[in-house]
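To start, the structure itself, in structure tokens.
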Amino acid sequence: MNAATRRGDQAARAANSQLVHDFGLLIKAATRLEQRIDTALRRECGISHTMLEVLIRLCRKPGEEVSQRRLAEDLTLTSSGTTRLIDRMEEAGLVCRVPSPDDRRSVLVEPTDHGRTVFLQAATVHSDVVERYFVTPVAHDDYTRLTGALSDINEALREAAD
């Protein structure tokens, strides 16, 4: 067997490893769920899943001052991507920008009344899709273990970033 054939065999074993397969299942499931949520939100509410994530963040603690920079960090978006997203949401009447009383260089983002109304509708759509495709297919005990494991993974990744 020549070197090229050995490398081909090694590459095939690596590509077919259980670890690659298992991680691929996670990514495929998450991507498909994200697509289902985004499609339902666009169809029923006229917003994207990312817009819903912004509204969730803004509605979580009424009266909290949330800067555009903080939104970018919380949603793991670039600064320019966040600016474009907030531009679209402001044009749709979902949010408004207000100057920060504490820092003239900072802009705060707040949900509008219309944004809160859309959020409530979108939260129901989101819950329905998540219940149907994330919760229902899994036995209760398995769901509890799954969400616990995902929390552990998230924590490990958060600690590794620090």
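The values are calculated or read from the model by the stated rules, or taken from the named source; none is laboratory data. Predicted model only: the values in this text are computed from it and were never measured. Note that each Cβ is placed from the backbone with ideal geometry, even for glycine, and that neighbours are counted across all protein chains shown. With ligands, DNA and RNA removed, areas are computed over all heavy atoms of the protein, side chains included. Shrake-Rupley method; radii C 1.70, N 1.55, O 1.52, S 1.80 Å.
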Take the residues of the stretch 66-90 that are outside any strand (DSSP E or B) and among the small types (Gly, Ala, Ser): which is most open to solvent (accessible area, probe 1.4 Å)? 79
Given the conditions (1) farther than 15 Å from residue 40 by Cβ; (2) in contact (Cβ under 8 Å) with a residue 12 or more places away in the chain, every one holds for residue 137 apart from (2)
Single residue of the stretch 104-117 satisfying the filter (over 17 Å from residue 82 (Cβ atoms) and in contact (Cβ under 8 Å) with a residue 12 or more places away in the chain) that is surrounded by the fewest Cβ atoms within 10 Å (Cβ to Cβ): 114
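Given 63, 93, which one is open to solvent by 60 Å² or more (accessible area, probe 1.4 Å), of a type in the set (Gly, Ala, Ser) and outside any helix (DSSP H, G or I)?
On the way: 93 fails: open to solvent by 60 Å² or more (accessible area, probe 1.4 Å).
After applying the criteria, what remains is 63.
A quick yes/no check of all residues on (1) more than 27 Å from residue 158 (Cβ to Cβ); (2) under 14 Å from the mean Cα position of the chain (by Cα):
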| site | (1), (2) |
| --- | --- |
| 37 | no, yes |
| 60 | no, no |
| 112 | yes, no |
| 117 | yes, no |
Could you check residue 58 against (1) assigned to a helix (DSSP H, G or I); (2) out of contact with any Pro (no Cβ under 8 Å at 6 or more places or on another chain) and say which number it fails? (2)
Among (1) more than 17 Å from residue 45 (Cβ to Cβ); (2) part of a helix (DSSP H, G or I); (3) open to solvent by 90 Å² or more (accessible area, probe 1.4 Å); (4) free of Cβ contacts under 8 Å to residues at least 12 places away in the same chain, there is one condition residue 120 misses while meeting the rest; what is its number? (1)
